[in-house]
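Q: Sharing a structure here in structure tokens format.
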Amino acid sequence: MINLRLMNQLETVLSKQFNLHAFRPGQKEIITDLLKGNDVLGILPTGSGKSLCYQLPAKLLPGTTIVVSPLISLMIDQVKQLRAKGFKDVIAINSLLDFKQRKGIYANLSAYSLIYLSPEILQQDELLSYLTKIDIRLFVIDEAHCISQWGHEFRPDYLRLHSVIEMLNNPPILALSATANEDVQADIIHALKRPKMIKHIYPIDKPNIAFHVVRLQDEDEKLHTLTKLVSTYRVPTLIYFSRREDTENIAHRLATQLVDRKVAFYHGGLDAFDRLMIQQQFMNDQLDIICCTSAFGMGIDKDNVRLVIHYHFPAQLESFIQEVGRAGRDGGESISVLLYTENDEIVPQSFIQQELPTKQEIAYVFHQLSQLAKENKQIPRSLPEIINLMQINETKWRYLYFQLESQHILANQQINYDADHWQRAFQHILEHRHARFQYKQNKLNEMLKWIHSTTCLREKLYAEFQSSFQSPAFQCCTNCGFSFANWQPVEQSTTSQPIKTWQEQLKLLMLGEQHESK
Amino acid sequence: MSFVVKAIFNTLHKIDHERDRSVIFKGIILTSCAKINGERTIQSIYHLLTGKRSIQTVLDAHLYGLDHLYGIHRQLSLQSFNKIVADLMRNHYIRTSHEDKVYLLTDRGKKWLATHKKKLKLSSFQGFTYNRMDSIFYARLILFIQVLANQRMQHTAYIPVVDQPSITNWVKKTYKYLYPNLDRPVHELYRELHQILSTLSNLEADLFVNRLTGYKQVGLSIQQLAQMYQMSGEDIQLVLMRIIHQMISIIYTSPSDYQMMSLMLRDLTKINLLTNSANETYKLFKKGYNLQQIATIRQLKMNTIQDHIVEIALYDQTIPIDQFVSDQAKTEIIQAIHQVNSTKLKTIKQHVGEKISYFQIRLVLTRYIR
């Protein structure tokens with residue numbers, strides 16, 4: 001059996017290609033099942049090396065491995081990091097590529113052993129026709145919880161994946177997620193139509209992280225507490241914010257107040273080059289503190305982050321668990337601090353509002369569609385045109401488009417008009433929208449309930465996801481008597497030495513240390 | 001919600017403003033406004049700075065003595081441009097002239113420019129002359145430094161600071177050419193950089209080096225440099241470009257002193273910097289096809305092919321334009337230019353006969369540069 005031979009090579013490839021010496025829990029088990037040709041659902045905590053579960057088979061198997069990944073920036077970063085490790089036959093195909101680049105890649109698809117794709121681009125007939133011509137041995141769905149309508153990050157395009165997989169000759173599937181409760185897991189298996197999928201579920205709790213919630217009077221006190229906290233502990237620190245402008249403003253303030261600390265900000269609005277520079281500086285210990293939005297963290301394997309502070313909290317526990325999970329990957333004692341002031345929920349609340357269309361907006365879209373239908377027209381092809389015509393944002397349109405499609409009102413650009421049916425469909429969509437809103441609202445309430453909880457925070461945090469949790473390796477949480485007095489982390493100073501002259505710096509950069517001592 | 005934060009930052013913002021972080025950007029806009037003196041719209045300055053490849057922009061650049069600022073900030077967003085124009089208006093450095101969309105310097109603007117003129121060192125820019133080769137040179141240089149620094153430590157797992165294939169391929173090729181004897185080129189490039197940076201101000205040299213990435217030492221982002229030097233991101237970009245132009249000029253003056261850096265410039269001639277599409281047209285043109293044939297072969301409109309020819313003529317002063325414009329037409333166009341005392345295409349067109357096309361006027365105008 002060819003696959004038996006492959007399995008003997010696992011350790012060799014691990015050390016040669018990935019420069020790692022042992023598998024982390026779950027990795028080998030999942031890879032072994034995949035090489036046997038089984039479908040796998042893998043739930044592994046943040047920072048456990050999920051991506052190795054497909055990167056290694058991609059290297060080992062003949063043919064090509066496809067990875068569907070929802071975030072374009074993450075996809076691009078991963079490809080760059082893989083190439084840096086010498087894994088050259090890997091590519092990301094997404095909407096950022098121009099026509100010519102795309103053509104060049106399509107003409108040469110079989111040359112890649114690993115192809116990252118966005119779910120949207122996988123709907124394009126042209127790409128699909130090229131994909132059907134190559135030998136695909138593994139189909140990976142990253143952030144697979146996006147497939148569940150009742151997951152916290154539903155992406156309609158994920159529901160179409162099973163038909164794509166069929167077109168590609170039904171290769172084995174690997175569905176990966178860090179946070180999927182049992183309902184979502186069942187949803188994933190159902191939507192992919194692979195009832196025999198083997199589940200590999202690993203506990204997501206982190207015994208080395210303590211949870212601390214601090215309640216504060218107002219914004220002023222919050223800022224003061226934050227400043228005091230990061231000035232007391234010089235350790236690699238992440239501070240999460242809801243809004244981009246806050247990351248910039250607070251980073252600026254901290255940098256001004258704490259002159260011996262290196263502070264940077266990071267959010268999705270930075271250009272790709274600067275984003276990568278900041279990530280690399282953090283990995284290289286050139287930075288102490290990063291003020292960031294949720295865009296930061298995925299795909300970053302810095303193992304000594306000691307402090308994760310939430311200046312703003314996310315809209316659901318799933319995101320909170322993921323963000324906190326970026327602390328203490330090396331198993332060292334780390335702290336999650338959530339700074340809370342009353343009314344902090346206003347921001348996540350407004351995010352929920354922006355995600356779902358209002359009744360008026362849905363009615364307007366129906367009106368516009370019927371106008372088009374009367375004139376025997378289709379809906380515009382380009383997204384900006386649609387958004388302009390329908391007067392709603394992109395997130396809302398994606399949601400509605402999916403609903404209209406499942407109600408058979410839309411098929412691609414085609415509109416199927418039927419007055420009676422449309423009336424019922426409108427009601428149906430309205431109900432769905434309401435249920436979805438309620439679901440999101442409940443998620444936010446759970447988050448708030450957790451913040452206000454008076455019992456063990458660790459127990460509460462993981463209760464929805466698993467039946468038990470490991471006992472804390474160090475301190476537990478606020479309600480179990482957490483105290484900063486008991487936390488003495490090893491000071492981690494940044495590598496940046498006292499400011500050098502440009503002459504010294506240039507010499508160091510180009511000729512290195514040994515020349516400096518001469 | 002965050003009223004306190006906002007209050008604090010409003011104050012900070014005010015202080016920032018007083019310190020004036022965009023001195024160079026501001027100086028460039030004011031200088032351009034002063035030279036153009038209301039004869040062109042404010043958008044023409046945006047086209048100038050972003051280096052729009054249109055005959056009108058290139059011509060205007062030369063006509064108003066602004067060719068050194070052509071294309072010096074190609075990434076400039078229209079948003080930041082509009083913002084600084086609005087700032088200058090609000091602070092009464094410029095004003096609009098009555099019904100027109102044109103902007104004029106106020107006395108305050110003139111005074112500011114006079115006091116800051118020296119400090120801006122705008123004459124160090126050579127935008128048109130080094131158009132596009134500047135950024136290619138810079139990308140090659142910083143990637144080459146990173147590659148050499150990492151190879152010296154025998155470190156192969158790093159993310160390149162530049163990922164455009166045209167640049168990475170050049171660096172690969174050159175690296176192979178120099179390999180295996182890399183020690184000498186490393187020391188030579190170090191010596192050259194040291195020497196060339198010594199001709200700059202301390203701040204400029206410092207800023208340039210801080211942006212470099214080497215072995216386990218990642219350069220600073222534009223925002224980080226902006227924070228560090230208390231300048232706006234735009235000014236950081238502009239200072240970097242000014243440094244690059246100064247460097248290229250020094251290298252050209254004494255190439256034997258800068259052998260490694262000359263290598264990075266050697267193949268960058270103007271004609272190589274045509275847009276890809278114009279280059280395709282140029283190849284066919286050199287093979288002797290006429291414009292109609294080229295349009296058919298390339299399945300493009302005649303207008304597009306004509307645009308290419310104008311672009312080519314702009315960069316290559318040796319290509320003959322006689323086959324497109326008769327001597328008589330040429331004389332007529334030149335007379336019209338003198339009569340109306342303008343290089344505005346529309347104005348010229350109105351003064352020449354029906355038979356003379358825009359294409360012909362543009363071609364004749366390309367010969368008016370330099």
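Q: Would you tally the residues in segment A:236-260 being among the hydrophobic types (A, V, I, L, M, F, W, C), closer than 9 Å to A:Cys291 by Cα and part of a helix (DSSP H, G or I)?
A: Selection size over segment A:236-260: 2.
Q: Within segment B:167-214, which residues are buried (at least 19 other Cβ atoms within 10 Å of the Cβ), of a type in the set (A, V, I, L, M, F, W, C) and within 12 Å of chain A (Cβ to nearest Cβ)?
A: B:Val186, B:Leu189, B:Leu193, B:Ile196, B:Leu197, B:Leu200, B:Ala205, B:Leu207, B:Phe208, B:Val209, B:Leu212
Q: Another question, if that's okay. So how many residues does segment B:136-166 have that are assigned to a helix (DSSP H, G or I) and within 8 Å of another protein chain (Cβ to nearest Cβ)?
A: Selection size over segment B:136-166: 4.
Q: Every residue in segment B:283-302 that is among the charged types (D, E, K, R) and surrounded by 12 or more Cβ atoms within 10 Å (Cβ to Cβ), please.
A: Within segment B:283-302, just B:Arg298 meets the criteria.
Q: Ok, one more. Does at least one position in segment A:241-255 carry a residue that is more than 21 Å from A:Phe211 (Cβ to Cβ) and away from chain B (no Cβ under 13 Å)?
A: No, segment A:241-255 contains no residue that is more than 21 Å from A:Phe211 (Cβ to Cβ) and away from chain B (no Cβ under 13 Å).
Q: Restricting segment A:251-266 to residues that are aliphatic (A, V, I, L, M) and under 19 Å from A:Arg306 (Cβ atoms), which is farthest from the chain's Cα centre (by Cα)?
A: Going through segment A:251-266, the residues aliphatic (A, V, I, L, M) turn out to be A:251, A:254-255, A:258-259, A:263-264.
Subsequent filtering for residues that are under 19 Å from A:Arg306 (Cβ atoms) retains A:251, A:254, A:258, A:263-264.
On the way: A:Ala251: 23, A:Leu254: 27, A:Leu258: 31, A:Val263: 23, A:Ala264: 21 Å.
Checked segment A:251-266; the qualifying residue farthest from the chain's Cα centre (by Cα) is A:Leu258.
Q: Assess whether B:Thr129 counts as being more than 15 Å from B:Met261 (Cα to Cα), surrounded by fewer than 17 Cβ atoms within 10 Å (Cβ to Cβ) and more than 14 Å from every other protein chain (Cβ to nearest Cβ).
A: yes
Q: So is B:Glu332 within 23 Å of the chain's Cα centre (by Cα) and of a type in the set (D, E, K, R) or not?
A: No; evaluated as a whole, the condition is false for this residue.
Q: Given the criteria assigned to a loop (DSSP other than H, G, I, E, B), modelled with pLDDT under 95 and among the hydroxyl-bearing types (Ser, Thr, Tyr), does B:Tyr282 qualify?
A: On the way: assigned to a loop (DSSP other than H, G, I, E, B): no; modelled with pLDDT under 95: yes; among the hydroxyl-bearing types (Ser, Thr, Tyr): yes.
It is false that B:Tyr282 is assigned to a loop (DSSP other than H, G, I, E, B), modelled with pLDDT under 95 and among the hydroxyl-bearing types (Ser, Thr, Tyr).
Q: A follow-up question, please. Condition check: free of Cβ contacts under 8 Å to residues at least 40 places away in the same chain, of a type in the set (Asp, Glu) and either part of a helix (DSSP H, G or I) or closer than 30 Å to A:Ser95 by Cβ (or both). Does A:Glu459 satisfy that?
A: Considered against the rule, which asks whether it is free of Cβ contacts under 8 Å to residues at least 40 places away in the same chain, of a type in the set (Asp, Glu) and either part of a helix (DSSP H, G or I) or closer than 30 Å to A:Ser95 by Cβ (or both), A:Glu459 comes out as yes.
Q: Go over the candidates B:Glu204, B:Glu188, B:Glu192 one by one and state the one that is part of a helix (DSSP H, G or I) and closer than 30 Å to A:Ile290 by Cα.
A: B:Glu204
Q: Considering only segment B:303-319, I want to know if a residue exists there that is among the charged types (D, E, K, R), surrounded by fewer than 13 Cβ atoms within 10 Å (Cβ to Cβ) and either at pLDDT below 90 or farther than 14 Å from B:Ser54 by Cβ (or both).
A: Checked against the condition, which is being among the charged types (D, E, K, R), surrounded by fewer than 13 Cβ atoms within 10 Å (Cβ to Cβ) and either at pLDDT below 90 or farther than 14 Å from B:Ser54 by Cβ (or both), segment B:303-319 yields no hits at all.
Q: Of the conditions (1) facing chain A (nearest Cβ under 10 Å); (2) crowded, with 21+ Cβ neighbours inside 10 Å; (3) modelled with pLDDT of 95 or more, B:Ser221 satisfies every one except a single condition; which number is it?
A: Unmet condition: (3).
Q: Mind checking which strands (runs of 3 or more DSSP E) fall wholly inside segment A:1-109 and carry at least 1 residues that are modelled with pLDDT of 85 or more, more than 28 Å from B:Asn150 (Cβ to Cβ) and in contact with a His (Cβ under 6 Å, 6 or more places away or on another chain)?
A: Passing ranges, in order: A:40-43.
Q: Taking the condition in contact (Cβ under 8 Å) with a residue 60 or more places away in the chain and assigned to a loop (DSSP other than H, G, I, E, B), does A:Phe437 pass? First the steps, then the outcome.
A: Working: in contact (Cβ under 8 Å) with a residue 60 or more places away in the chain: yes; assigned to a loop (DSSP other than H, G, I, E, B): no.
No.
Q: Kindly indicate which of A:Ile352, A:Ile362 is touching a residue at least 60 places away in the same chain (Cβ under 8 Å), farther than 25 Å from A:Ile204 by Cβ and more than 14 Å from every other protein chain (Cβ to nearest Cβ).
A: Numbers: A:Ile352 fails: farther than 25 Å from A:Ile204 by Cβ.
Exactly one of A:Ile352, A:Ile362 is touching a residue at least 60 places away in the same chain (Cβ under 8 Å), farther than 25 Å from A:Ile204 by Cβ and more than 14 Å from every other protein chain (Cβ to nearest Cβ), namely A:Ile362.
Q: Which residue out of B:Asn91, B:Asn37, B:Asn82 is of a type in the set (S, T, N, Q) and either in the same structural domain as B:Ile348 (by TED's automatic domain parsing) or touching a residue at least 24 places away in the same chain (Cβ under 8 Å) (or both)? Before you say what the answer is, go through the steps one by one.
A: Working: B:Asn91 fails: either in the same structural domain as B:Ile348 (by TED's automatic domain parsing) or touching a residue at least 24 places away in the same chain (Cβ under 8 Å) (or both); B:Asn82 fails: either in the same structural domain as B:Ile348 (by TED's automatic domain parsing) or touching a residue at least 24 places away in the same chain (Cβ under 8 Å) (or both).
Sole residue among the options that is of a type in the set (S, T, N, Q) and either in the same structural domain as B:Ile348 (by TED's automatic domain parsing) or touching a residue at least 24 places away in the same chain (Cβ under 8 Å) (or both): B:Asn37.
Q: Looking only at segment B:133-164, count every residue that is free of Cβ contacts under 8 Å to residues at least 60 places away in the same chain and more than 29 Å from the chain's Cα centre (by Cα) and tell me the total. Please lay out each step first, then the result.
A: Keep residues of segment B:133-164 that are free of Cβ contacts under 8 Å to residues at least 60 places away in the same chain, which gives B:139, B:143, B:147-148, B:151, B:154, B:156-164.
Subsequent filtering for residues that are more than 29 Å from the chain's Cα centre (by Cα) retains B:151, B:154, B:156-158.
Qualifying residue count for the region: 5.
Q: Please verify whether segment A:430-445 includes one or more residues that are at pLDDT 90 or above and within 14 Å of chain B (Cβ to nearest Cβ).
A: no
Q: Please verify whether A:Leu71 is surrounded by 17 or more Cβ atoms within 10 Å (Cβ to Cβ) and either within 14 Å of chain B (Cβ to nearest Cβ) or within 23 Å of A:Leu14 (Cα to Cα) (or both), treating the condition exactly as stated.
A: no
Q: I've got another one for you. Report yes if B:Ile271 is under 18 Å from the mean Cα position of the chain (by Cα), modelled with pLDDT of 95 or more, within 30 Å of B:Lys121 (Cβ to Cβ) and away from every other protein chain (no Cβ under 14 Å), otherwise no.
A: no
Q: Regarding segment A:198-205, can at least one residue be identified that is within 14 Å of chain B (Cβ to nearest Cβ), part of a strand (DSSP E or B) and not basic (Lys, Arg)?
A: Looking for residues that are within 14 Å of chain B (Cβ to nearest Cβ), part of a strand (DSSP E or B) and not basic (Lys, Arg), one finds none in segment A:198-205, hence no.
Q: Here's something else I'd like to know. Condition first: of a type in the set (S, T, N, Q) and either within 21 Å of A:Pro57 (Cβ to Cβ) or part of a strand (DSSP E or B) (or both). Now tell me which residues in segment A:110-120 satisfy that.
A: Once the filter is applied, which keeps residues that are of a type in the set (S, T, N, Q) and either within 21 Å of A:Pro57 (Cβ to Cβ) or part of a strand (DSSP E or B) (or both), segment A:110-120 yields A:Ser110, A:Ser113.
Q: So, one more: Does A:Gln438 satisfy being among the polar types (S, T, N, Q), under 26 Å from the mean Cα position of the chain (by Cα) and surrounded by 14 or more Cβ atoms within 10 Å (Cβ to Cβ)?
A: Values: among the polar types (S, T, N, Q): yes; under 26 Å from the mean Cα position of the chain (by Cα): yes; surrounded by 14 or more Cβ atoms within 10 Å (Cβ to Cβ): no.
No.
Q: Answer yes or no: is there a residue in segment A:19-26 that is touching a strand residue (DSSP E or B) at 6+ places or on another chain (Cβ under 9 Å), closer than 30 Å to A:Glu120 by Cβ and either within 14 Å of chain B (Cβ to nearest Cβ) or buried (at least 22 other Cβ atoms within 10 Å of the Cβ) (or both).
A: Step one: list which residues in segment A:19-26 are touching a strand residue (DSSP E or B) at 6+ places or on another chain (Cβ under 9 Å), which gives A:26.
From what's left, closer than 30 Å to A:Glu120 by Cβ: A:26.
Next, only the ones that are either within 14 Å of chain B (Cβ to nearest Cβ) or buried (at least 22 other Cβ atoms within 10 Å of the Cβ) (or both) stay: none.
There is no residue in segment A:19-26 that is touching a strand residue (DSSP E or B) at 6+ places or on another chain (Cβ under 9 Å), closer than 30 Å to A:Glu120 by Cβ and either within 14 Å of chain B (Cβ to nearest Cβ) or buried (at least 22 other Cβ atoms within 10 Å of the Cβ) (or both).
Q: Further question on the same structure: How about segment A:319-349: which of its residues are part of a loop (DSSP other than H, G, I, E, B) and within 14 Å of chain B (Cβ to nearest Cβ)? I'd like the intermediate steps shown before the answer.
A: The first filter runs over segment A:319-349 and keeps only residues part of a loop (DSSP other than H, G, I, E, B), leaving A:325-333, A:342-345.
Matches in segment A:319-349: A:Glu342, A:Asn343, A:Asp344, A:Glu345.
This table checks each residue for (1) surrounded by fewer than 16 Cβ atoms within 10 Å (Cβ to Cβ); (2) touching a helix residue (DSSP H, G or I) at 6+ places or on another chain (Cβ under 9 Å); (3) not assigned by TED's automatic domain parsing to the domain that holds A:Glu153.
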position	(1), (2), (3)
A:Met197	no, yes, no
A:Glu219	no, yes, yes
A:Leu223	no, yes, yes
A:Leu226	no, yes, yes
A:Arg234	no, no, yes
A:Phe241	no, yes, yes
A:Asp246	no, yes, yes
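The values are calculated or read from the model by the stated rules, or taken from the named source; none is laboratory data. This structure is a prediction, so every number in the text was calculated from the model and none was measured. Backbone-built Cβ (ideal geometry, glycine too); neighbour counts: all protein chains shown.
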